[in-house]
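None of the figures in this text is laboratory data; all of them are computed from the coordinates on show. Since the structure is predicted, the reported quantities are computational estimates derived from the model, not experimental observations. Heads up, the Cβs are rebuilt from the backbone with ideal geometry, glycines too, and the neighbour counts pull from every protein chain shown.
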Amino acid sequence: MTLLTFIGMIVIPLVSSPLVYLSGRLGMHETTLHRRSYLVRGLALLAILLAWIPFVLSVQTFLTGGTQEFNIEAIWLRVDGISLLTAAMILTLGTLVILFSGPYMAGEVGEEKYYAMLLAMIGLMIGLACAGDLFNLWVWFEGMAISSYLLVAFYREQAASLEAGMKYLVQSATGSVMVLMGIALVLANAGTLDMPGIREAVSGSDVNRLALLGAGALFIIGFGVKVAIVPLHTWLPDAHSQAPSGISAMLSGVVIEVGLIAMLRALSVLPGFSLSWGVLFMAFGALNMLYGNLLALRQTVVKRMLAYSSLSHIGYILLGLGIALYSGMELGAQGAFFHLFNHMLMKGLAFLSVGALIYGLFLQNDSHASLKITDLAGTAQKYPLVALALSIAVLGLGGLPPLAGFMSKWQIFVAGFQTQNTWIIALMVFMALNSVLSLAYYAPLVNMMYRKSPSAQVLAGKQLSLAIVLPLAVMMFAVIILGFAPQLMDWVTVPAAQILITMFGQ
Amino acid sequence: MNFTPLNIILIGIAGLLGVGFYGLLITRNLIKVVMMLQILIKAVVLALVFAGKLSGNLGLGQSAAATVIVADTIVAVVGLALAVQVRRRFGTLDVPKISTLKG
């Protein structure tokens, strides 16, 4: 594989982003408005489909040749298990979201900006997953953050969206200041920013361990804002509930996970702290699970409830990673990475099916109201497929066998028990209890949808188009199939877990 | 503590960070919030150049600082644009008054 075949994954979405924007701005006649919307959507979809080609080629080379490294002058890019897993997540959800957004965003003011920013965000996130030096990691991260601020505040006619966008911007920008201070500390001690180079430079005995620990703490706080680790999560429920549904799916399905990948990459350059990071990850994981579940219980707006459930799922993932870092066991990381992928599928499906309902019940009736849980009553009679998709998504999130969510939680569970450590086993029991607790808010959703008497909103609902239903069907099948055949993802979760253990190796 | 040039820069970084975080905590005006973020970033720019100087790799620190300046200008632009829209929709820039999302 040469640099050219691989770099397409990053370059195609990034280059097509301004092209899509310009194509939406061509020909300002009112009469062409409709056709222009189709042009923009088509181009965006074409761009993301083209980006699959370099991805497939990279996977092929990776399976035969292992980890690859490339450089453009001093910028290092690395294709390993973790970057391929992340790229797979981003491209899968990105393609489906662009398809879904076609009818959902049709006729909105600034539709072309939406697709341009979405494509830019996709390209930047894939770049982040491949970044091989600390400063470029930050550059990709900041680029991704900027495009997501604009997407969260996309409905700028609405006060609540602006408020959510502003909150997100201020918290995220403060987080990125922390990350940069951490980078400055590392640079002062190591004299280089290349990841393997830093490890080499600071593994001697004459380095200031305290400064490195401080840098690690700054990385955890800084990236932790994006990951929504509990005391730093306050932007998340607002941003997820106010963004357009496709963006809610992207935010919850990939953006927070990519933040976690960035955190792992940054922490991996500081050798000798794996035990502390492991304990910290497990503690934050437990906190996230409990807090996310308890707050999700008392929500009345569906998207807000799903946003809080993202907090608890980040908790499961952190727990799996914590086990891997603490005990050096690959199985924990494998489970965590599998859950990362499954969470993308399930939460993406949940947000997209809620989006489909919002589209049918509100948007087509020119309303921007938020979907309450009580509005869901009887949706199964009018939208059987959407109701089924949302049920499968939330039951999968709740960890009901034989859906995908159960399989990945089970892997983390088994890994925890294999450590033979009393504390970790207690945490595993805590996780299982949390998983049961989460059904307390997922199950009423399913119950509500299958009621006999439809709500007034459902009766007034409009039909859905194929482009909205198709992504739901695809993801629904993926969730079920991964539940029956979890080994389908082994080709990438196993190398990702191996590279994680190597990255943090003593 | 004697006032060598390096110490003065260190005090400057700490001072800017202190001013930025303190301001971020007490200010109620959105424009001022964006300004405070900019002050924090100035501390970071200084810190990156300083770190480059300390480690003997000044070029790396300077190029990182230049990139940070560019990236953060964009954040400031987006932040101010949002503040303008907030002023239009809410009629105020006072942070407690634009807080409607809760729970």
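At 222 nm, what value in deg cm²/dmol follows for the protein assembly as shown if DSSP H runs of at least 4 each add -39500 (n - 2.57) and the sum is divided by all its residues, to the nearest 500?
Mean residue ellipticity at 222 nm (helix-derived): -26000 deg cm²/dmol.
Return the equivalent ellipsoid semi-axes of the protein assembly as shown as a descending list in whole Å, where each equals the square root of 5 times an eigenvalue of the C-alpha gyration tensor.
Working through the eigenvalues yields semi-axes of 36, 29, 24 Å.
Normalising by the residue count of the stretch B:28-91, find the relative contact order in percent from Cα pairs under 8 Å and 6+ residues apart.
34 percent
Please work out the FRET efficiency for the pair A:L275 and A:R25, using the Cβ-Cβ distance as r and a Förster radius of 35 Å; give the result to the nearest 0.05.
Step by step, r from the Cβ atoms, then E = 0.05.
Under Stokes-Einstein, with the Kirkwood radius over Cα pairs standing in for Rh, what whole-number D in µm²/s applies to the stretch A:73-231 at 4 °C and 1.567 mPa s?
On the way: Rh = 17.5 Å.
This corresponds to a translational diffusion coefficient of 74 µm²/s.
Based on the Cβ-Cβ distance from A:V15 to B:K32, what FRET efficiency comes out when R0 is 35 Å, to the nearest 0.05? Please report the intermediate quantities before stating the final value.
On the way: r = 38 Å, r/R0 = 1.08.
For A:V15 and B:K32, the calculated efficiency is 0.40.
What nm distance separates the two modelled labels at A:S367 and A:F417, each placed 7 Å from Cα along Cα→Cβ?
Roughly 4.9 nm, to one decimal.
How large are Rg and Dmax for the stretch A:274-506 when calculated on the C-alpha trace, in angstrom?
When restricted to the Cα atoms of the stretch A:274-506, Rg and Dmax are 18.7, 62 Å.
Give me the Kirkwood hydrodynamic radius of the stretch A:1-160, using the inverse of the mean 1/r over all pairs of distinct Cα atoms, in Å to one decimal.
For the stretch A:1-160, inverting the mean 1/r across all distinct Cα pairs yields 16.4 Å.
What are the lysines whose alpha-carbon lies under 22 Å from the alpha-carbon of A:K382, with same-chain residues fewer than 8 places away excluded?
Straight-distance partners of A:K382: A:K303, A:K372, A:K452, A:K462.
Specify which residue in the list A:V494, A:A377, A:G416 is farthest towards the positive end of the charge dipole of the stretch A:274-506, using unit charges on the beta carbon of Lys, Arg (+1) and Asp, Glu (-1), about the Cα centre.
A:A377
Determine which aspartates and glutamates satisfy two conditions relative to B:K97: a Cα distance under 13 Å, and not lying fewer than 8 residues away in the same chain.
A:E163
Among A:A120, A:F430, A:P54, pick out the residue whose Cα is farthest towards the positive end of the charge dipole of chain A, where Lys and Arg carry +1 and Asp and Glu carry -1 on C-beta, about the Cα centre.
A:F430
To the nearest 20 debye, what is the magnitude of the charge dipole of chain B about its Cα centre, counting +1 on the Cβ of each Lys and Arg and -1 on the Cβ of each Asp and Glu?
It comes to approximately 460 debye.
Once you place label points 7 Å from the Cα toward the Cβ at A:L46 and B:I69, how far apart are they in nm?
So the two model labels end up 4.0 nm from each other.
Extension gain A:A473-A:Y450, at 0.36 nm per residue separation less the Cα-Cα distance, in nm? Display every interim value, and only then the final one.
On the way: separation 23, 0.36 × 23 = 8.28 nm, distance 1.87 nm.
Extending this stretch completely gives an extra 6.4 nm.
Considering only the other residues whose Cβ falls under 12 Å of the Cβ of A:S353, what net charge follows from Lys and Arg at +1 and Asp and Glu at -1?
Numbers: positive: A:K303, A:K347; negative: none.
Within the 12 Å Cβ shell, the charges total +2.
Distance between the C-alpha centers of the stretch A:445-472 and the stretch B:29-72? Whole Å please.
Between the Cα centres of the stretch A:445-472 and the stretch B:29-72 lies a distance of 50 Å.
Please state, to two decimals, what the Cα-based radius of gyration of the stretch B:28-91 comes to when divided by 2.2 N^0.38 Å (N = residues).
Dividing the Cα radius of gyration by 2.2 N^0.38 Å gives 1.42.
Taking the Cα centre of the stretch A:274-506 as the origin, how large is its charge dipole in debye, to the nearest 20, when only Lys and Arg (+1) and Asp and Glu (-1) carry charge on their Cβ atoms?
660 debye
Can you give the charge dipole size of chain A about its Cα centre, rounded to the nearest 20 debye, using +1 on the beta carbon of Lys and Arg and -1 on the beta carbon of Asp and Glu?
1220 debye
Starting from the Cα of B:K42, draw a straight line to each of the lysines and keep only those under 19 Å, dropping any in the same chain fewer than 8 residues away.
B:K32, B:K53
Given the C-alpha atoms of the stretch A:268-341, compute the convex hull and give its volume per residue in Å³.
For the stretch A:268-341, the hull spanned by Cα atoms encloses 83 Å³ per residue.
If I take every Cα pair under 8 Å that is 6 or more residues apart in the stretch A:145-228, average their sequence separation and divide by the length, what percent do I get for the relative contact order? Before the final figure, lay out each step's value.
Values: 69 pairs, mean separation 27.6, N = 84.
Relative contact order of the stretch A:145-228: 33 percent.
With unit charges on the beta carbon (Lys/Arg positive, Asp/Glu negative), name the residue among B:V19, A:L280, A:A333 whose Cα is farthest towards the positive pole of the charge dipole of the protein assembly as shown.
Of the options given, the answer is B:V19.
Roughly speaking, what is the centre-to-centre gap between the stretch A:320-343 and the stretch A:113-155 when only Cα atoms are used, to the nearest Å?
What the calculation gives is 25 Å, centre to centre.
Given 0.36 nm per residue, what is the gain on full extension from A:V436 to A:E69 after removing their alpha carbon distance, in nm?
Value of the extension gain: 127.8 nm.
For helix B:5-26, what angle does its Cα long axis make with the longest principal axis of chain B, in degrees from 0 to 90 and rounded to 10?
10 degrees
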